[in-house]
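What follows is one structure encoded as structure tokens, with my remarks underneath.
The values are calculated or read from the model by the stated rules, or taken from the named source; none is laboratory data. In this text, all values refer to a predicted model and were calculated from it rather than measured experimentally. A quick note on method: Cβ atoms are made from the backbone with ideal geometry, for glycine too, and the neighbour counts reach across all protein chains shown.
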Amino acid sequence: MIRVEHVRKRFGRKQVLRDISMEARRGEITCLVGTNGSGKSTLLRAIMGLTPLSGGRVEVDGAAFHHGMYEKVAFIPDTLTMPPGMTVRACMTFMQDFYRSWEAARGEELLAFFKLDPASRVGSLSKGTAAKLNLVLGLGLNADYVLMDEPFSGIDLFSREHIASVFASELIEDRGVLFTTHEIQDVEHLIDKVVMLDQGVIAKEFYCEDIRQREGKSVLDVMREVYQA
Amino acid sequence: MQAGIFPPIAAFNNRDPVYLQVVRHFKELIATGRLEAGQTIPSRRELAALLQINPNTAQKAYKEMEEQRLIITEGNSPSRVTHDAQLLGAIRAELVREAVEAFVATIRPIQLPTDELVEIVRAAYEAPKEGE
Amino acid sequence: MNRYLKLVHMELGRAWKPLAALMGLTLVMQLAIVVYLTRNRVAFVKRNYLEEQQMSVATFVQKIGRISFNDVMMDNMLFTAPIVLGIVVLLLYTLFLWYRDWLGKNMFIYRLLMLPSARSDLYFAKLTTVLLLVFSLVAFQMAILPLLSAAFAASVPYELRESVTAVELASEIELLTLVLPFNWKDFLLYYGFGMAGVAVLYACVLLERSYKIVRGIAGMLVYLAIIGLLLFLPAIIGLLLFLPAIIDVYWMALYPWELITLQSGLVAVVGALSVWLSLYLMKHKITV
Amino acid sequence: MKRYIGSVLLIIFIAFSVSAYYLQANRVPWPDFYFEKVEGDESAAEGWELDAEYSKPGRSDDRVMIGLSGTEYVAKRSALYTTLDESQYQRYLDPDARKLLESESGFMRGKQNASNVYADDNALAYTQLNKIFDKKEMKYRYELVVEVLDRNTNRTRDYRHELSDASAYFWITVLEVQLLDGRISIAVNGTTSDVIQENIPELWTISIDLESGKAMQSSVVKLLPASQDRVQISAQKISDHGVRGPNPFVLLQVTESKYEENLQNSSISIQPFHKANLLRYDMRTGTAEPLPEKLSTIWKNQPDATYAFDGRSVYQLQQNGDKLIVTSCDVETAAMKPGYTLSNQMHGGDQVSLISAYGNNLAFLAGSETKLELQLVIADLPSGKVLYRGKLKTKGDEDLAEMFSSRKFRADKLVYTLK
């Protein structure tokens, strides 16, 4: 389980994350939602150690976050983060070079699954294709946790469905997924738990099926209540 | 064959628990005979992929169905629909009752006389479906 | 360890095109300069001495002396242009080596910071890459000296030519004696100081990358002030000695050999400090 | 592994080029001069070096230092080493002071002028004259700072003494420091500030009693020129480098220079005229006596004689064509001693140059324009006995004669350096 305890993050004087405590369990798909600028991406980056915390702690399976954990916690940022000059094949080799938990076979499977051309250059990929490659590089790792920043944003409908199908596939099974999105309504039924961010704090944290069962509300309804109130 | 009877995600609404909707869907399949007694059903993982739902939800749906003894899973062989005719009959009755209750709830405000209502329902029911 | 080597290999892979271009350019420019200036010199000698003053080759050689690389290059700064160009381009590339990972929409820095090895691997890989680039340009300059010497020889008729070895050729050009010092001890000294310089430069880059522009620049200025203080410590001590004895600091007076040792030591300390600061920033403060 | 071939090749290229360059740099074909013994004992020439300029065709000039064993090119030395060496602490400081710096580096630390030092077995004294501008009274004050180390007890004491009525002097320098019967004696040479009086050098001695610290100042000796008309006078101490033990006398070369206008075919030509006389200044009494006239030298442009002092007598080393005429006089008694003459002794040799002395060692270059040959000659200064004679040669096959004739090789000076 990824545990976030009283994490604070300040950019200059702006307090982006005031006091965040939450958990993302393994085997569950947790969705981080919030209005623009509520610090969703910042929280993901803070968890991944890509930006220093102003306070608080991040623990993965009980141990404080350290660089060794990049083998078991994969992060798929909102843009593809490989140099434009690299080919898809070179990216795969790069991942194999540096990550012991990289599974070449699964990588090839994913390339096929997403129908990506290994010879194409990163710089020349369309936004959708780049997002798919990004997914491949993240999911190719035999990681226990996968964090994704806006995996669906700005992508054509078909690619989005294609990507969404990954959530339902065995690729995700018994892994902890924590992702952020704006298009919650399309993927609601894929999510186990929702964490709602508002002005740097956790507004609400709940399991979707419980809300549906107890209050018969969809996640979108709850969001309307919290954010429009 | 299998894929046909499991429609993709569009069929689900977001307000009712998804796993219950899956269970209902199975009941409909059983009630309508598209799933015969004893027939094997897809594994949890296959179902999640087919229905494009979260594997945990598929897992929960299977657990619910096993509790309701709709399906039986021995060891790790694929799950099967129950043979228990009496249970199957009960499922059909449950579905009919739910449908009727829903229909009655929606029609009541119009306050039609009962026999007139019954007449309309018989006509609609016996009219050949356009598609057939 | 091998992740560090793989990173170096990757960075070199991304740098070999500009390096090759720089080498090609340097070679072409230097060859052109040598041939051009030598031809001018030969033409001048022929016109001025052999024709106008009707001097025979023998008397010219005896009186004025054969045409040497030194005569040709004597008071001409042209040859230093390609070297300065090389140094400037390398300096810019040193900065680019870092900033390129933040630039553009594909911020490769995300991937680099998420490598499962310690971030010092990344820092030292980039540091090593710069040093390898510098040394490959220096090695290239050394390698083409015989070529230049041959080009010079080809441009001067045999009887007028004063042959000179490649190494001597290097000692004729002011800037080259700095870049390619005659004595290998100096080579280690200069490039040791150079490395410390690059380490300081990297510390500044990382300060900026960790605290972003405003506070980054402020951090940089504070850091450079500390570095400056450290580096100029001996000079400050020296100054104290000359002030009318405010405090009796005679015991602080340094002998030159002590001064040199102290100064080199301080440069090493500054280098080490910069590396330590960079590693700290990489581990704790750097942000995407 | 094949993937890394590019990087590996680059590293090999670097290693290869750099090492090839420096291997070649060490084998640069420059002549390696040395002195080949012709006569005498090589140990006498130990420590002497000939500094020269050598211009190989195609290169700007190189400074070389030629010793018994071989040549050292300044260009080849490391800049680091050169900085260390060229500084005033090392290279041209006399070896005794340098030895002192190494052995007594603690005491000598911070002592800027390493020649104002007196050293014997049980004491070490250093003096420094600070010129301080007194803002209140708008005049210069001179403060003598003396530090004495008792080598037996390893305790240092320092004394400060302000030179009384010294504000008239534009500049005062320390000539000599000696420890004479319990008193630190410092002879100084002051030059007055008013221009009219043509800066007459004035000598006096300050002595400080080690025990009481009480300072006494002797009366001033003015070195007035013989004739009055517009004569420049300068006093220069004859170096006592290499002299051991206490010595109350300061030997001064007092040079009077004036410009004679002589009429020649209606044009006035200005002829410089210099005359140097020797003076013995006794620090104990603060008095000065001229030494015999025979030691004086007269010259027009370049002096062709130098003076040396070996602790007992002072020597005039007069170069005259291919002869070196040495006249000397006992400093104690100021009585002339029998001189001697050393000849070039090279068949066809016609030149004696770069005369230099250190302690009781005399060195000069004997050369022959015709035979284009140079020889280093070391002699015993008091007796004039030739101790060593070595011919300048090169280990390679360079044509030395051609180098001399075409002035590619120019000897500059002979220096005694304790390696």
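Output yes when any residue across region C:179-189 is farther than 30 Å from D:Ser60 by Cα and either within 14 Å of chain D (Cβ to nearest Cβ) or at pLDDT 85 or above (or both), and no when none is. Reasoning before the result, please.
So in region C:179-189, the residues farther than 30 Å from D:Ser60 by Cα come out as none.
Within region C:179-189, none of the residues are farther than 30 Å from D:Ser60 by Cα and either within 14 Å of chain D (Cβ to nearest Cβ) or at pLDDT 85 or above (or both).
Can you list the strands (runs of 3 or more DSSP E) lying wholly within region D:209-303 that have 3 or more residues being at pLDDT below 90 and closer than 21 Å to D:Ser313 by Cα? Please lay out each step first, then the result.
Values: elements: D:215-217, D:232-237, D:249-264, D:267-282, D:287-290, D:297-299.
Ranges flagged: D:232-237.
Of these, A:Met92, A:Met48, which one is of a type outside the set (S, T, N, Q) and at the interface with chain C (Cβ under 9 Å from one of its Cβ atoms)? Reasoning before the result, please.
Values: A:Met92 fails: at the interface with chain C (Cβ under 9 Å from one of its Cβ atoms).
The match here is A:Met48.
For region A:61-83, how many residues meet the condition of being without any contact (Cβ under 8 Å) to a residue 60 or more places away in the chain and facing chain C (nearest Cβ under 7 Å)?
Here the count works out to 8.
Taking the condition modelled with pLDDT under 90 and either buried (at least 22 other Cβ atoms within 10 Å of the Cβ) or under 17 Å from the mean Cα position of the chain (by Cα) (or both), does A:Gly49 pass? Please lay out each step first, then the result.
Working: modelled with pLDDT under 90: no; either buried (at least 22 other Cβ atoms within 10 Å of the Cβ) or under 17 Å from the mean Cα position of the chain (by Cα) (or both): yes.
Spelling it out, it is not the case that A:Gly49 is modelled with pLDDT under 90 and either buried (at least 22 other Cβ atoms within 10 Å of the Cβ) or under 17 Å from the mean Cα position of the chain (by Cα) (or both).
Please go through region B:20-42 and pick out each residue that is surrounded by 15 or more Cβ atoms within 10 Å (Cβ to Cβ) and assigned to a loop (DSSP other than H, G, I, E, B).
Result: B:Leu35, B:Ile41, B:Pro42.
Can you find a residue that is within 7 Å of another protein chain (Cβ to nearest Cβ) and aliphatic (A, V, I, L, M) anywhere in region C:143-156? Outline the logic, then answer.
First, the residues of region C:143-156 that are within 7 Å of another protein chain (Cβ to nearest Cβ): C:143.
This time we only want the ones that are aliphatic (A, V, I, L, M), so: C:143.
The answer is yes; a qualifying residue exists.
Residue by residue through region D:332-367, note down the ones that are in contact with a helix residue (DSSP H, G or I) (Cβ under 9 Å, 6 or more places away or on another chain) and more than 30 Å from D:Thr287 (Cβ to Cβ).
D:Asn361, D:Ala363, D:Gly367
Counting just the residues of region C:70-104 that are part of a helix (DSSP H, G or I) and modelled with pLDDT under 85, which one comes out nearest to the other protein chains (Cβ to nearest Cβ)? Break it down into steps so the answer makes sense when it comes.
As a first pass, look at region C:70-104 and keep what is part of a helix (DSSP H, G or I): C:70-73, C:80-99.
If we keep only those that are modelled with pLDDT under 85 as well, we get C:70-73.
Working: C:Asn70: 6, C:Asp71: 8, C:Val72: 10, C:Met73: 10 Å.
Here the residue is C:Asn70.
If we keep just the residues of region C:15-31 that are closer than 30 Å to A:Thr93 by Cβ and surrounded by 17 or more Cβ atoms within 10 Å (Cβ to Cβ), which is farthest from the other protein chains (Cβ to nearest Cβ)?
To start, the set of residues in region C:15-31 that are closer than 30 Å to A:Thr93 by Cβ comprises C:15-24.
Still in the list and also surrounded by 17 or more Cβ atoms within 10 Å (Cβ to Cβ): C:15, C:19, C:22-23.
Values: C:Ala15: 10, C:Leu19: 9, C:Leu22: 14, C:Met23: 11 Å.
Checked region C:15-31; the qualifying residue farthest from the other protein chains (Cβ to nearest Cβ) is C:Leu22.
For region C:105-122, check the following and say yes or no: at least one residue is of a type outside the set (Ser, Thr, Tyr), over 30 Å from A:Gly128 (Cα atoms) and within 14 Å of chain D (Cβ to nearest Cβ).
Within region C:105-122 (the criterion being of a type outside the set (Ser, Thr, Tyr), over 30 Å from A:Gly128 (Cα atoms) and within 14 Å of chain D (Cβ to nearest Cβ)), the answer is no, since none of the residues qualifies.
Are any residues in region D:7-34 more than 8 Å from chain C (Cβ to nearest Cβ) and not in a helix (DSSP H, G or I), and if so, which ones?
Result: D:Arg27, D:Trp30, D:Pro31, D:Asp32, D:Phe33, D:Tyr34.
Only one of A:Phe206, A:Phe152, A:Phe167 is buried (at least 19 other Cβ atoms within 10 Å of the Cβ), among the hydrophobic types (A, V, I, L, M, F, W, C) and without any contact (Cβ under 8 Å) to a residue 40 or more places away in the chain; which? Step through it out loud before you land on a result.
Numbers: A:Phe206 fails: buried (at least 19 other Cβ atoms within 10 Å of the Cβ); A:Phe167 fails: without any contact (Cβ under 8 Å) to a residue 40 or more places away in the chain.
Exactly one residue qualifies, and that residue is A:Phe152.
For region C:32-59, which residues satisfy the criterion of being assigned to a helix (DSSP H, G or I) and buried (at least 17 other Cβ atoms within 10 Å of the Cβ)? Spell out how you get there, then give the answer.
Residues of region C:32-59 assigned to a helix (DSSP H, G or I): C:32-52, C:57-59.
C:Ile33, C:Val34, C:Leu37, C:Thr38, C:Arg41, C:Val42, C:Val45, C:Tyr49 - these are the residues of region C:32-59 that are assigned to a helix (DSSP H, G or I) and buried (at least 17 other Cβ atoms within 10 Å of the Cβ).
Examine region C:142-151 for a residue that is assigned to a loop (DSSP other than H, G, I, E, B) and without any contact (Cβ under 8 Å) to a residue 60 or more places away in the chain, and state whether such a residue exists.
Step one: of region C:142-151, the residues assigned to a loop (DSSP other than H, G, I, E, B) are none.
The answer is no, given that none of the residues of region C:142-151 is assigned to a loop (DSSP other than H, G, I, E, B) and without any contact (Cβ under 8 Å) to a residue 60 or more places away in the chain.
Quick check on region A:18-38. Is at least one of its residues under 19 Å from C:Lys285 (Cβ atoms) and within 19 Å of the chain's Cα centre (by Cα)? Break it down into steps so the answer makes sense when it comes.
Step one: of region A:18-38, the residues under 19 Å from C:Lys285 (Cβ atoms) are none.
Checking region A:18-38: not a single residue is under 19 Å from C:Lys285 (Cβ atoms) and within 19 Å of the chain's Cα centre (by Cα).
For A:Asp210, work out the one condition from (1) within 14 Å of chain B (Cβ to nearest Cβ); (2) within 17 Å of the chain's Cα centre (by Cα) it doesn't fulfil.
(2)
Listed here are the residues, each with its yes/no results for (1) at pLDDT 90 or above; (2) exposed (fewer than 14 other Cβ atoms within 10 Å of the Cβ); (3) closer than 23 Å to C:Leu97 by Cβ.
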residue: C:Gly192; (1), (2), (3): yes, no, yes
residue: C:Leu201; (1), (2), (3): yes, no, yes
residue: C:Ser210; (1), (2), (3): yes, no, yes
residue: C:Gly216; (1), (2), (3): no, no, yes
residue: C:Tyr223; (1), (2), (3): yes, no, yes
residue: C:Ala235; (1), (2), (3): no, yes, no
residue: C:Ala245; (1), (2), (3): no, yes, no
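Name, by its number, the condition in (1) facing chain A (nearest Cβ under 9 Å); (2) buried (at least 18 other Cβ atoms within 10 Å of the Cβ); (3) at pLDDT 85 or above that does not hold for B:Phe12.
It is condition (3) that B:Phe12 fails.
Hey, among C:Tyr191, C:Tyr158, which residue is in the same structural domain as C:Leu221 (by TED's automatic domain parsing) and out of contact with any Cys (no Cβ under 8 Å at 6 or more places or on another chain)? Please lay out each step first, then the result.
Numbers: C:Tyr158 fails: in the same structural domain as C:Leu221 (by TED's automatic domain parsing).
So the residue among C:Tyr191, C:Tyr158 that is in the same structural domain as C:Leu221 (by TED's automatic domain parsing) and out of contact with any Cys (no Cβ under 8 Å at 6 or more places or on another chain) is C:Tyr191.
Right, C:Met77: buried (at least 20 other Cβ atoms within 10 Å of the Cβ) and either among the hydrophobic types (A, V, I, L, M, F, W, C) or in the same structural domain as C:Ala58 (by TED's automatic domain parsing) (or both) or not?
Numbers: buried (at least 20 other Cβ atoms within 10 Å of the Cβ): no; either among the hydrophobic types (A, V, I, L, M, F, W, C) or in the same structural domain as C:Ala58 (by TED's automatic domain parsing) (or both): yes.
No, not satisfied.
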